[in-house]
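What follows draws every value from the coordinates through simple rules; no lab data is involved. From a predicted model like this one, the values you see are computed outputs, not experimental measurements. Cβ sites come from the backbone with ideal geometry, for glycine too, and all protein chains shown count toward neighbours.
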Amino acid sequence: MSDTHAQTVAFVRETEIPPSPPPASEAGVIKWLRENLFSSIANSILTILGLIAVYYIVVGLGPWLANSIWQSDSLAECREILDGANGACFAVIRERWNQLLFGFRYPVDEYWRPALAFVLLFVAILPVLFSHLPRKLLIGTALYPFLAFWLIWGGSVLIPIVALLGFVVGAVAYSMISARSFVGAIAAAVIAAAATWWAGGLLLRIGADFLALRAVPSRDLGGFMLNMILGTVCVSLSLPIGIVLALGRQSNLPIIKVLCVIFIEFVRGVPLITLLFVASVILAYFFPPESNLDLVLRVIIMITMFASAYIAEVIRGGLAALPRGQYEAADSLGLDYAQSMRLIILPQALKISIPGIVNVAVGLFKDTTLVAIISMYDLVGLIRGPILASTDWNGVYWELWSFAALLFFVICYGISQYSQWLERKLATDHR
Amino acid sequence: MNKSVFLGALTVVGMAAGVASAATLDDVKSRGTLNCGVSTGLVGFAAPNTSGEWEGFDVDLCRAVAAAVLGDPTAVEFVPTTPKTRFTALSSGEVDMLARNTTWTFSRDNDLKLEFTGINYYDGQGFMVPTELGVSSAKDLDGATVCIQTGTTTELNLADYFRANNISYEPVPIETNAEAQQQYLAGACDVYTTDASGLAATRATFENPDDHVLLPEIISKEPLGPLVRHGDNEWGDVIRWTLNALISAEELGVTSANVGEIGESSNNPEIKRLLGTEGELGAMLGLDPNWAQQAITAGGNYGEIFEKNIGENTPIGLSRGLNAQWTDGGLLYSPPFR
Amino acid sequence: MTAMSDAPTQSFRLSMLLYDTRYRGYTIQFIVILFVVLAVGYLVSNLFANLAEQGVVLTYDFLEQPAGYDINQTLIEYNNQSSHLRASVVGALNTLLVAAMACVLATILGVFAGILRLSNNWLVAKLMAIYVEAFRNVPVLIWIIIINTVVTSVGSSPRVFLTRGGSVEPESSLFLGMFAFTNRGLYIPSIGLGSGWLVVLLAFVAGILGFFAWRSYVKKKLFQEGSLLPAWPAWAILFGPVILAMVLLPGALTILRPDVASNNFNIQDGVLLGRPLLALWLALSIYTGAFIAENVRAGILAISKGQTEAAAALGLRPGRIMNLVILPQALRVIIPPLISQYLNITKNSSLAIAVGYADITATLGGITLNQTGRAIECVLLLMLFYLTISLSISALMNVYNNSVRLKER
């Protein structure tokens, strides 16, 4: 065969020809452009519209950012430097940086305290966010609220220690009795904790200055710090309340169920701003005059109520999504209600609910800006009030608002990216 | 059974709540600070400065009261209040007094159970328009768009005035002074109306104040004054007479500079009674004998406070006008100290 | 064997209240209700004690009194002598107006952005992702303020359009002689009703009825005989009668153009969509649109890839795959969160107070509250209003959810 072949054909290629490059229209940038931007007429029109939009944004923002001024004492001075050119006057952020972050009443020498609390927040929250970290770190997370309280509000270190001690004593009492009766253990824990706090209150009168940081009244909190405090405090308080409400709404006991439904539907049915009106103009009437709940505390109460109703609904969704068999399996093992919830149902339901809870948390953090409407100086209130009203910075809208938007964006986008990562991670063991 | 438990519980808590005391003066003394409700930021009257210290005309009144009661003008917690929250803050006991350019009206005094303890500024509602519109009287404003800062008596006065003169307008209600300025300067409204003092303060912050003119019409009486809760007369008297002391001090020539020695050196018996070197006026109020001296030392007499915060040498540049002493043709007239 | 257990004792012992599951429920409920009653009783008695101490009585009489203030945007007759109650109704209608407008626009924006974010056009998908993330992650209050600032500074003052009785040459003229975008809002022409307007209206209604009748006829024909009729007669039936009526009765409907001559301050006549309404409407729509886009995207992604492939295998074009196969199925997933977004719009519209739009929070919860000082009464009424709206929308949603639930047989 090969012989005939050799005689009839003048030339036989014995090596493969190297692959030639694809045609220009099917390679590299052009291919990418063709497939991704100009695959059809409609697509091309969309692309051109998109390019026009991008062009306008760049032309509008480019010079404004490029000519921005960071060194100046007032808007008038900025305008003088710019001399008619289009440019941002970011000097206001530089000059009011501390106020924007800490409010204008927080003592200047003590800025390190909230800053430290902010940094520690990340340390404390890491073991919650990433489950592969050693579980021992959770002890630090449990200690964090007390430490942060002491750092931000100041006063004697005994206050948070007594508060912590109450919880520890309560937990010890609980673990001693929980083997015999769940209800009894809860009652014992509450009594033990209350007794500790009462005794601690006596101790505090004596040692009011023991290791005291300068006390800062909550009225003096402000700026982005106030948003952060409201957000973290209210979300963490509303989680346990939300779980209780969700369980109550799913319970067989009719009165408890009705109470939970009324609470949840009422709170979800009204806008947060009306609840904040309640905090600012009504709530004080519901307490004895000498109780003197300050505005921040009243706002925390109302926002926590608000958040817990939403979290309760998210968790209820998680509870409802569990297969019926899980409940029946728990019952057939002979577990009582508390045990089956604690050991079987809640761990699974909470896991399903995590993305929803994170969504509520992000929404709530954004909603903390509404306190500006009831005359609190959070980031938005501070910009709307003192900064824009001051003679120096009257008229600096874009710079301040884009700064505020950026701050919120960074945090909220971070949280939502984390939530998506978590969702993907959790999704693997379901499918 | 359930019902009787409920009623029992109600009685117990009701009794517990009923014993709340009404003596604000004692509360303030035992607390060591005065809680004073001010506005959220009106330059010249009450606004935090760059370093976060509150300053202004109303703020100095708070400081004078704190000095009179506690001997320390810095022992004041300033509680910023909006038009919406101010009365509740007072009624619910969150603040001890309001010094927040609040107009004394019949219904506030009687229906809301508040007590106005004097007038520290005689104001009236005015209009500001851009000069280029060529308007010289408020009666020419037919069809104009008017920016109003809400939550004050301004809306009502405006509605009354335009109805009485049978001219139409478009109201644009706005929450904060800064936003009103933004709208007004952008031309989104033709007119900005609020108290004349506020207009002057606002105009002072503009890039070109001369492009704007205040119209001659003052369409309302706005007696602004400090107020306290109804029914606590001792505390009300302290505020009333602290204000009167500041006014009398100006009339009698007592200033923050000479207040230390004039009580001894003067031959005027009223000065001596005022400053506590003669008589027992302080004790009658439940305060130290030198209460008025401390109040005047805090920020000066009425005239000094006025000049420092809103007078003609400040950016706000208000003349005394109605707020001059009665001896100078104004309305300030303090009852005698005797 | 004597392993038989004792017969249960029938007598009731007190400890059974705690340990017997048959009775424990009653004990727990009793304790809870006791706590709730005590807590509520404590708060309410404080309230009455505090009010009594100040000599204030809760009363709603103030609602009857003249409000005394003016409102710039009203849907019903209102002047400053109307009662506070009427002012509240004006506010409530304004809330519903802006909420309804925002629901429509947000849905349109959201559906577009959601679909385009899944488009295979890289640039558009990225732009939409930026839009969605930027708006979802910044508080709505900040967006409302920013958009209000945009509207204020982009629009010019209406003064530039004015001729002041023909004495001045205006700097700008109206777009098409009818529209003006100013920082006081958008001026559009209004429609004047002349004699015979009823006929035009009837013709319009007839056109709509005819349009649907024709459509169902076409469908019937298609399904029964398989012949597809052309589409143009439908449009002729829709618009024909109206155009005919307007030609026959030339004075029935007139367009009232905004008038730039008669007043020195404002454009007169026409309809003004005020700046507060415009800013709030745009802000709520764009903000909520970002959320709806995410719902739409999630709904579309929830439909399995096989559906698209099956439709493609049947030879449907991409547009028809979306319209006929994907969207009808995705809607089942999209609608429930969509309705809760509508609820959010209604609730977020209470932030109108930041731009000066006269919604119910600004009238009843704002100026009326300030003027009368009746804080408790006003805030309670305000909550009642929002609660009614929310609960009725939720009820509607439940009805809908039940009707579209997959019928499992």
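Helix hunt in chain C: which complete DSSP H runs extend at least 18 Å axially by C-alpha with mean Kyte-Doolittle at least -0.5? If you can, show how the numbers build up before the last one.
Details: long enough: C:21-54 (50 Å, 1.00); C:84-117 (47 Å, 1.69); C:122-136 (21 Å, 1.10); C:140-154 (20 Å, 2.43); C:197-225 (41 Å, 1.00); C:232-248 (23 Å, 1.97); C:275-302 (40 Å, 1.14); C:327-348 (29 Å, 0.42); C:375-404 (43 Å, 1.50).
Result, helices passing both filters: C:21-54, C:84-117, C:122-136, C:140-154, C:197-225, C:232-248, C:275-302, C:327-348, C:375-404.
Counts of other chain beta carbons within 10 angstrom of each beta carbon in peptide C:257-269 average 3.
Is there a quick way to get the dipole size of region C:20-158? I mean about its Cα centre, with the Cβ of Lys and Arg at +1 and of Asp and Glu at -1; what is the value in debye to the nearest 20? Please report the intermediate quantities before stating the final value.
On the way: 6 positive and 7 negative charges, 152 e Å.
In debye, rounded to 20, region C:20-158 gives about 740.
The angle separating the long axis of helix A:182-206 from the principal Cα axis of greatest extent in chain A is about 70 degrees.
What does the charge count around B:W54 come to, taking other residues whose C-beta lies under 13 Å from its C-beta (Lys +1, Arg +1, Asp -1, Glu -1)?
Working: positive: A:R105, A:R219, B:R63, B:R100; negative: A:D220, B:E53, B:E55, B:D58, B:D60, B:E77.
Local net charge: -2.
Most fluctuating residue of A:L407, A:L37, A:L137 in a GNM of chain A with Cα springs under 10 Å: which is it? With Cα springs under 10 Å in chain A, the top fluctuation among A:L407, A:L37, A:L137 is at A:L37. Here is how the number arises for chain C: DSSP H runs of 4 or more residues each give -39500 (n - 2.57), the sum is divided by the residue count, and the result at 222 nm is -20500 deg cm²/dmol. Bridging of C:K126 to aspartates and glutamates at a Cα separation below 17 Å is possible for A:E35, C:E294, once same-chain residues fewer than 8 apart are set aside. When both bridge partners sit in chain B, DSSP labels roughly 50% of those beta bridges antiparallel.
Mind running the shape call on the protein assembly as shown? Use the C-alpha gyration tensor, a ≥ b ≥ c as the square roots of the eigenvalues: rounded below 1.5 for a/c, prolate if a/b tops b/c, oblate otherwise. Don't jump to the answer; show the numbers that get you there.
Numbers: a/c = 1.74, a/b = 1.21, b/c = 1.44.
Note, shape of the protein assembly as shown comes out oblate.
Mean-square fluctuations from a GNM of chain C, with a 10 angstrom spring cutoff on Cα atoms, peak among C:T182, C:T361, C:T149 at C:T149.
If each residue's Cβ is checked for other Cβ atoms within 10 Å, how do C:R332, C:R297 rank with the fewest at the top? Intermediate results must be reported in sequence, preceding the final value.
Working: C:R332 15, C:R297 22.
Arranged by neighbour count, lowest to highest, C:R332, C:R297 become C:R332, C:R297.
Amide H to amide H, with H built 1.01 Å from N, B:V213 comes under 5 Å of B:V129, B:T131, counting only residues 5 or more places away or on other chains. Peptides A:367-380, A:255-268, B:172-185 ranked from most to least packed by the mean count of surrounding Cβ atoms within 10 Å: A:367-380, B:172-185, A:255-268. For A:G155, the residues 5 or more places off, or on other chains, whose built amide H falls under 5 Å of its own are A:L213, A:R214, A:A215, A:V216. Only the Cβ atoms of Lys and Arg (+1) and of Asp and Glu (-1) were treated as charged; on that basis the dipole of region A:135-294 about its Cα centre amounts to roughly 480 debye.
With a 10 Å Cβ neighbour count serving as the proxy for reagent exposure, in which order, fewest first, do B:R240, B:R31 appear?
Numbers: B:R240 21, B:R31 14.
Least crowded to most crowded, the residues run B:R31, B:R240.
Counting other C-beta atoms within 10 Å, which of B:I296, A:I383, A:I354, C:I31 has the fewest, and how do the rest follow? Don't jump to the answer; show the numbers that get you there.
Numbers: B:I296 32, A:I383 27, A:I354 15, C:I31 11.
Neighbour counts put them in this order, fewest first: C:I31, A:I354, A:I383, B:I296.
Taking 4.7 Å between C-beta atoms as the pairing limit, chain A has these partnerless cysteines: A:C234, A:C260, A:C412.
Among B:K29/B:K272; B:K29/B:K113; A:K425/C:K347; A:K136/A:K425; B:K139/B:K221; B:K272/B:K308, which pairs are too far apart, with a Cα-Cα distance over 28 Å? Spell out each step's value before the answer.
On the way: B:K29/B:K272 26 Å; B:K29/B:K113 24 Å; A:K425/C:K347 34 Å; A:K136/A:K425 22 Å; B:K139/B:K221 18 Å; B:K272/B:K308 26 Å.
Exceeds cut-off: A:K425/C:K347.
Just tell me how shielded B:78-90 is by partners: mean number of partner chain Cβ atoms within 10 Å of each residue's Cβ, no decimals. Display every interim value, and only then the final one.
On the way: counts 2, 4, 9, 4, 7, 6, 15, 9, 4, 5, 11, 5, 1.
Mean shielding by partner chains, rounded to a whole number: 6.
Taking A:G231, A:G103, A:G395 in turn, the Gaussian network model of chain A (Cα-Cα springs below 10 Å) assigns the largest fluctuation to A:G395. Amide H contacts of B:T102: B:G225, each under 5 Å away and 5 or more positions distant or on a separate chain (H built 1.01 Å from N in the peptide plane; Pro and chain starts excluded).
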